[in-house]
1. For residue B:78, are the conditions met, namely being surrounded by fewer than 19 Cβ atoms within 10 Å (Cβ to Cβ), in the same structural domain as residue B:216 (by TED's automatic domain parsing) and more than 21 Å from residue A:91 (Cα to Cα)?
2. Every residue in segment B:1-39 that is more than 25 Å from the chain's Cα centre (by Cα), of a type in the set (Gly, Ala, Ser) and not in a loop (DSSP other than H, G, I, E, B), please.
3. I need the full set of residues from segment B:40-66 which are within 22 Å of the chain's Cα centre (by Cα) and surrounded by 15 or more Cβ atoms within 10 Å (Cβ to Cβ), in order please.
4. Just to verify a result, which residue in segment B:172-182, among those that are of a type in the set (A, V, I, L, M, F, W, C) and within 21 Å of the chain's Cα centre (by Cα), is modelled with the highest pLDDT?
5. Scanning segment B:221-241 for residues that are of a type outside the set (S, T, N, Q), modelled with pLDDT under 85 and open to solvent by 10 Å² or more (accessible area, probe 1.4 Å), which turns out farthest from residue B:119 (Cα to Cα)?
6. I'm trying to understand the selection: among the residues of segment B:148-168, which are open to solvent by 50 Å² or more (accessible area, probe 1.4 Å) and touching a residue at least 24 places away in the same chain (Cβ under 8 Å)?
7. When you check residue A:16 against the structure, is it out of contact with any helix residue (DSSP H, G or I) (no Cβ under 8 Å at 6 or more places or on another chain), surrounded by 13 or more Cβ atoms within 10 Å (Cβ to Cβ) and within 14 Å of chain B (Cβ to nearest Cβ), yes or no?
8. What is the number of the single condition among (1) hydroxyl-bearing (Ser, Thr, Tyr); (2) more than 30 Å from residue B:97 (Cα to Cα); (3) assigned to a helix (DSSP H, G or I); (4) open to solvent by less than 40 Å² (accessible area, probe 1.4 Å) that residue B:198 does not meet?
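The values are calculated or read from the model by the stated rules, or taken from the named source; none is laboratory data. The model shown is predicted, which means the values in this text are computed figures rather than measured ones. Positions of Cβ are backbone-derived with ideal geometry, glycine not excepted, and every protein chain shown enters the neighbour counts. Calculation scope for accessible area: heavy atoms of the full protein, side chains included, ligands and nucleic acids excluded. Shrake-Rupley method; radii C 1.70, N 1.55, O 1.52, S 1.80 Å.
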Amino acid sequence: MLLYIITYDIPCNKRRKKVSDLLEGYGTRVQYSVFECILNHTKYCELKKRLLKRVNMNEDHLRFYPLSKHTRQTIEVWGDVPVTSQTHSTII
Amino acid sequence: MKSLYVSQQGCYLSLSQEQVLIKKGQTTLNQAQLPLIEQILIFGKSQVTTQLIHTCLKKEIPILYLSRMGYCYGRVLPIQRGYRYLSRYQQVLTPLDRLLVAQAIVTAKLKNSRVFLMRHHRSHPSTNLEMAIQQLDYLITKVSCTESTEQLLGTEGAGAAIYFSAFGDCIQNPDFIFIARSRRPPGNPINAMLSFGYQVLWNHLLSLIELNELDPYQACLHQGHERHAALTSDLLEEFRAAIVDSLVIYMINRKMIDSDQDFEFIEGGCYLNEVGRRKYLQAFLIRMEEIIGVDKQPRWDSLMRQVKKFREFVYSPSRKYQPYLIR
């Protein structure tokens, strides 16, 4: 399990919406176009594969930064949203 | 294993992009990220939209429909999950292979029950416990002499009777009393908690068995038939004392559950009510997500490991099956 910072810059409204919808399923939006996702290798590959279908490489720009456990502990947050923690099962 | 448990009644689950929205009336109670969920358990009367069912089928996320006390009515699974490719190997297992595995499972169950009682005997000694521990010791030596599954089931039944006769001595909360195990229906709060716990764990195990492409209807100890996923019951035996019984005792002794407020009586049986169910599931999850062992894995992982071990055994029966032991 690694924490991935995923950022995007997408000029087309339609594609941007699709990408952000997909990322909502895998992580938390921490800024308008910055997501934090805690994923294992399989889920990370799955996410990238699905993203690939929704972006246009000529116009869009995405970045994936994996953070190691050590680095994760030294993250500083100034302002609102706390650092994403691992999701657990949900009980309603 | 990330699961979505819906234990409240009258919820409405729908899909919004990659998220599951859980609504009750107009208010959204919660949302869950669908790609990260491994299964959905619905206790009682909550609705799931067809769109969500379709997506779950596509993503191979099983949806389990259970009664409020945990009995499983059925599951929604994609068709391809039904093709169990290891089934052929399971069918050619010889009766001797099966008996040896069944013996190993019963031994593990008795040993785990014994360890459980011994732990309580250490903190709260009683002659009743001491006797049960000795009797279990004796039965453990008997298991390897059994020659048929019927005989083995007899030994197992005797073990369970001894174990449950001493089980009440582990309770340190005067609000609860336990005399004997009763089920269908469970007669008192402790039996209600045990039954519910076994059912929940049973269903989790069944999902893992399916996930590993094993045929849950082909078993070693229990008699499988078209309606009883006997392999699940087989693998459950090793975990009863280790997971469910210890959790029940823990919750009672720590006064995490209330004998008046958290139960309801319906038609002569005692069941957890909505609040009780929630408390129980919460405690269950905390326990299953606890990191244990030398390899620092959540307790969930020990279930998965056993299913994988059984799978290895099916591939090469000579390698034997190693059941789960508390220590």
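1. Judged against the criteria, residue B:78 is not a match.
2. Once the filter is applied, which keeps residues that are more than 25 Å from the chain's Cα centre (by Cα), of a type in the set (Gly, Ala, Ser) and not in a loop (DSSP other than H, G, I, E, B), segment B:1-39 yields B:14, B:16.
3. Answer for segment B:40-66, where residues must be within 22 Å of the chain's Cα centre (by Cα) and surrounded by 15 or more Cβ atoms within 10 Å (Cβ to Cβ): B:40, B:41, B:42, B:43, B:44, B:61, B:62, B:63, B:64, B:65, B:66.
4. Checking each candidate, the answer is B:178.
5. Out of the qualifying residues, it is B:226.
6. B:153, B:165
7. yes
8. Here residue B:198 clears every test but (2).
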